[in-house]
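Let me begin by presenting the structure, written as structure tokens, before commenting on it.
The values are calculated or read from the model by the stated rules, or taken from the named source; none is laboratory data. All values reported here derive from a predicted model rather than from experimental measurement. Here the Cβ positions follow ideal geometry from the backbone for every residue, glycine too, while neighbour counts run over all protein chains shown. Surface areas here come from the heavy atoms of the whole protein model, side chains and all, with no ligands, DNA or RNA. Shrake-Rupley method; radii C 1.70, N 1.55, O 1.52, S 1.80 Å.
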Amino acid sequence: MRKASLHPKLCPILAQYSSQQWSDIFESAETLSTGKKQIVKAFSHEGKNYILKKYSELGLLSSLRLLINFSRADNAFTFAQTLQANQIGCPDHLLVLKNIHINTSNTYLLMARAPGTPLFDFIQKDTSLTLSRQAVINLTNMIRKLQSLGIAHGDLHTRNFIINHDDSVQLIDLDNARFSRKRCKKDTKRLVEALKKNTNITQPLLDSLAENKKASNNALPA
């Protein structure tokens with residue numbers, strides 16, 4: 001069984017591709033990472049850069065989740081639209097394509113590739129990169145908006161913030177995003193701990209996050 005969710009921004013040519021064509025693209029694309037349940041690849045089409053994830057699912061329960069749009073790919077697709085509707089930067093999530101079978105299924109998630117450099121690269125001790133004041137402000141504002149909406153990313157580490165040359169920021173890897181204020185706090189704590197490992201570079205961002213936390217606490221009703 002084939003089931004698909006398409007974003008209006010998806011290129012009409014790509015929107016018409018068959019499951020076999022997506023499989024062929026995936027096989028020839030550049031591999032970025034490989035895990036037990038997903039493989040992440042990159043490719044270009046008509047001058048645009050894309051990320052293509054393939055998820056492998058086993059068992060009847062996984063197939064049912066795919067049928068009711070409760071998979072990781074569905075979650076990422078939905079939360080990307082939620083973030084963008086609230087002016088939180090993230091790549092366009094353009095297509096979820098599911099090939100559902102009783103015991104073995106696979107899903108493709110197509111996204112625009114976020115241009116720029118991961119925050120992780122900016123905070124390495126041997127880097128020549130500079131984290132600008134505006135980038136710090138944009139990062140802090142993004143985290144503040146996530147917290148105000150009660151959206152927890154679920155894996156908020158420095159590789160999942162992409163900083164473009166114009167200092168704009170995009171958040172990637174939305175598979176585990178959910179509404180949970182409790183998890184928001186865990187997200188921020190994890191990020192702060194990672195940033196503390198190289199405070200000579202990240203202190204401005206840490207200070208900004210601390211000010212944001214203090215302002216949020218002061219805003220709470222007595």
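If you go through the range 44-74 and keep only what is over 21 Å from the mean Cα position of the chain (by Cα) and free of Cβ contacts under 8 Å to residues at least 24 places away in the same chain, you end up with G47, L61, L64, I68.
Among the residues of the range 186-207, which ones are over 18 Å from the mean Cα position of the chain (by Cα) and either within 23 Å of N86 (Cα to Cα) or among the charged types (D, E, K, R) (or both)? Result: K189, E193, K196, K197, L205, D207. Restricting L94, L83 to those that are touching a Cys at 6+ places or on another chain (Cβ under 6 Å) and not aromatic (F, W, Y) reduces the list to L83. Would it be correct to say that I143 is part of a loop (DSSP other than H, G, I, E, B) and either open to solvent by less than 10 Å² (accessible area, probe 1.4 Å) or not aromatic (F, W, Y) (or both)? So I143 does not fit the description; no. Candidates in the range 110-140 are the residues that are assigned to a helix (DSSP H, G or I) and under 16 Å from the mean Cα position of the chain (by Cα); of these, the one that is surrounded by the most Cβ atoms within 10 Å (Cβ to Cβ) is L119. Of all the criteria given as (1) out of contact with any Gly (no Cβ under 9 Å at 6 or more places or on another chain); (2) part of a helix (DSSP H, G or I), the one not satisfied by C184 is (1). Pairs are defined by a Cβ separation below 7 Å, a sequence spacing of at least 6 or placement on different chains, a first member in the range 139-161 that is farther than 11 Å from I88 by Cα, and a second member that is open to solvent by 40 Å² or more (accessible area, probe 1.4 Å) and small (G, A, S); the pairs so defined are Q147/S216.
Residue count for the range 164-211 satisfying the condition of being farther than 17 Å from L149 by Cα, of a type in the set (A, V, I, L, M, F, W, C) and surrounded by 14 or more Cβ atoms within 10 Å (Cβ to Cβ): 9.
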